[in-house]
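No value in this document is a laboratory result; all are computed from the given coordinates. These numbers were taken from a predicted model, which means no experiment stands behind them. Every residue, glycine as well, gets a Cβ built from its backbone with ideal geometry; the counts of neighbours run over all protein chains shown.
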Amino acid sequence: MNKKAKIFAMSNQKGGVGKTTTVVNLATALAALKKDVLIIDLDPQGNATISTGLKRIHGGKNSYTVLTGRFSVAESAVPTNIPHLSVLPASQELLGVDLEFSGVVMPQMYLKKALAECDAFDYIFIDCPPAVGMLTMNALVASSHVMIPVQCEYLALEGVADLLKTIEKIKKNFNPALAIHGVVLTMFDARSRLSKSIAHDVRSFFGDLVYETVIPRNVRIPEAPSHGKPVMLYDFRCVGAQSYIRLAADVLKREREEKHG
Ligand SMILES: Nc1ncnc2c1ncn2[C@@H]1O[C@H](COP(=O)(O)OP(=O)(O)OP(=O)(O)O)[C@@H](O)[C@H]1O
Ligand SMILES: [Mg+2]
């Protein structure tokens, strides 16, 4: 206990780029290394909740009731079947947050306040919805780092410029320490020229921020959530699972480099 978590907002306003998949599988890979990890499902779609074998919660304790200060993270986080991995489940009520928060003072600060007393985790991954609304803003204000998944497909960088602008705004106004931890290339298809050329473009745009590990397109990845399992527990040997294990190693390596300057 009494840990200071690294908090990652998994963000890209473009839909379907691998945010949830990366949250679930990276979190699982770090939990397998005995790190205490919390996933905060801040997307009303609730895909991260379902992908870890939990149910979306209507009423009761969930990311919405934590966000709005009704319950603490400690009393709301649900342990999964995976040792060291807990989830703060999503709720449909998150859908109303943009409207509900429109009249309050500093609506961007709520998640940060809720996380201030949370000291049980080494890592917290916040799964953001595909929009830069109040939920994503709350995630960026509460986080120490942003991770940006970019899909190796046509228009990969579409929306990323807007995300970078939002990050700058959040840094300036609320969270000066916020840093981009890295960019993950997802759904890479080694046989496709387009995929290779996009990976190349993203590397020229973001430079060393792009993790060495690239997540390939792998059919086991979309199969796993319907079994309520991260891909590592569904098929440990498949390339999808192995690449997320390598990504976790990249993340830890980057941390060691940060520490030693
Ligand atoms: N490496 C991969 N190989 C094959 N399919 C993948 C891979 N990564 C993600 N997918 C599939 O692509 C779809 C979109 O992925 P995911 O839900 O993680 O994206 P997202 O960015 O969270 O989407 P949204 O913006 O809707 O929240 C899902 O069906 C997922 O299973
Ligand atoms: Mg998602």
Open item on the list: Taking 30 Å as the cut-off for C-alpha to C-alpha distance, list the pairs among Lys171/Lys229; Lys4/Lys169; Lys165/Lys196; Lys171/Lys253 that go past it.
Closed with: Lys171/Lys229
TODO: Count the net charge of all other residues whose Cβ sits under 10 Å from the Cβ of Met187, scoring Lys and Arg as +1 and Asp and Glu as -1.
DONE: -1
Open item on the list: Suppose a student asked you for the relative contact order of the range 126-261, using Cα pairs under 8 Å spaced at least 6 residues apart; what percent would you report?
Closed with: 20 percent
Task: Positive minus negative residues near Leu233 (Lys, Arg vs Asp, Glu; Cβ under 13 Å) - done: +1
Open item on the list: Over the chain, what is the relative contact order in percent, taking alpha-carbon pairs closer than 8 angstrom and at least six residues apart?
Closed with: 25 percent
Task: Summed side-chain charge close to Leu157 - residues other than Leu157 whose Cβ falls under 14 Å, Lys, Arg +1, Asp, Glu -1 - done: -1
TODO: May I ask you to list the aspartates and glutamates whose Cα is less than 18 Å away from that of Lys35, ignoring any residue fewer than eight positions away on the same chain?
DONE: Asp119, Asp122, Asp250, Glu255
Open item on the list: Rounded, prolate or oblate for the range 12-139? Axes are the square roots of the Cα gyration tensor eigenvalues, ordered a ≥ b ≥ c, and the cut-off for rounded is a/c under 1.5.
Closed with: prolate
